[in-house]
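K.L.:
Below is one structure. I have some questions about it.
Bear in mind these aren't lab numbers, they're just calculated from the coordinates by the rules spelled out. All values derive from a computational prediction rather than experimental measurement. Cβ coordinates were reconstructed from backbone atoms using ideal geometry, including for glycine residues, and neighbour counts include every protein chain displayed.
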């Protein structure tokens, strides 16, 4: 059950990263059309993360993984938007950084899982 809660925190951090970049793009980019849904997703994800922070103690190492998932969300949204709207620029750097960060997160999660099994 504890792994499920930790996984939920990481998913919420990823959604918050996606939605903060989506909100920024919707509000300030003339290429991306306006939508209210990234703002709604941002508010809900941040509220849920805040509730988790208040009601549960975070295990050692989880805040760094949550921050990495947040940055991964920002990078993934940036790469996807740049694929959809090539006038913004190349998506090479966000894509490479996303893959590297995804491997790092996977390595850290696997190491945490091995520690809890022992």
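K.L.:
Treat the count of other C-beta atoms within 10 Å as a stand-in for reagent exposure and order 74, 99, 81 from fewest to most. It would help to have the intermediate numbers written out before the result.
P.N.:
Values: 74 22, 99 13, 81 19.
With the fewest neighbours first, 74, 99, 81 line up as 99, 81, 74.
K.L.:
How much length is gained on full extension from residue 114 to residue 90, taking 0.36 nm per residue of separation minus their Cα-Cα distance?
P.N.:
On the way: separation 24, 0.36 × 24 = 8.64 nm, distance 3.81 nm.
Length difference between fully extended and current span is 4.8 nm.
K.L.:
Under the rule a/c < 1.5 gives rounded, and otherwise a/b versus b/c splits prolate from oblate, where does region 47-102 land using the Cα gyration tensor?
P.N.:
Values: a/c = 6.13, a/b = 2.29, b/c = 2.67.
Oblate, because a/c is 1.5 or more while a/b does not exceed b/c.
K.L.:
Mean residue ellipticity at 222 nm from the helices of the chain, using -39,500 (n - 2.57) per DSSP H segment of n ≥ 4 over the full residue count, to the nearest 500 deg cm²/dmol?
P.N.:
Dividing the helical sum by the residues of the chain leaves -28500 deg cm²/dmol.
K.L.:
Still on this structure, please answer the following. Between region 41-86 and region 1-35, how far is it from one alpha carbon centroid to the other, in angstrom?
P.N.:
For region 41-86 versus region 1-35, the Cα centre distance is 6 Å.
K.L.:
Name the shape class, rounded, prolate or oblate, that the alpha-carbon gyration tensor gives for region 1-51, where a ≥ b ≥ c are the square roots of its eigenvalues, rounded holds for a/c under 1.5, and otherwise prolate holds if a/b is larger than b/c and oblate otherwise. Before the final figure, lay out each step's value.
P.N.:
On the way: a/c = 4.11, a/b = 2.78, b/c = 1.48.
Cα axes put region 1-51 in the prolate bin.
K.L.:
Is the shape of region 2-117 best called rounded, prolate or oblate, per the rule: a/c under 1.5 gives rounded, else a/b larger than b/c gives prolate, else oblate, with a ≥ b ≥ c the square roots of the Cα gyration tensor eigenvalues? Mind showing how you got there, number by number?
P.N.:
Numbers: a/c = 3.78, a/b = 1.51, b/c = 2.50.
Taking the square roots of the gyration eigenvalues as a ≥ b ≥ c, region 2-117 is oblate.
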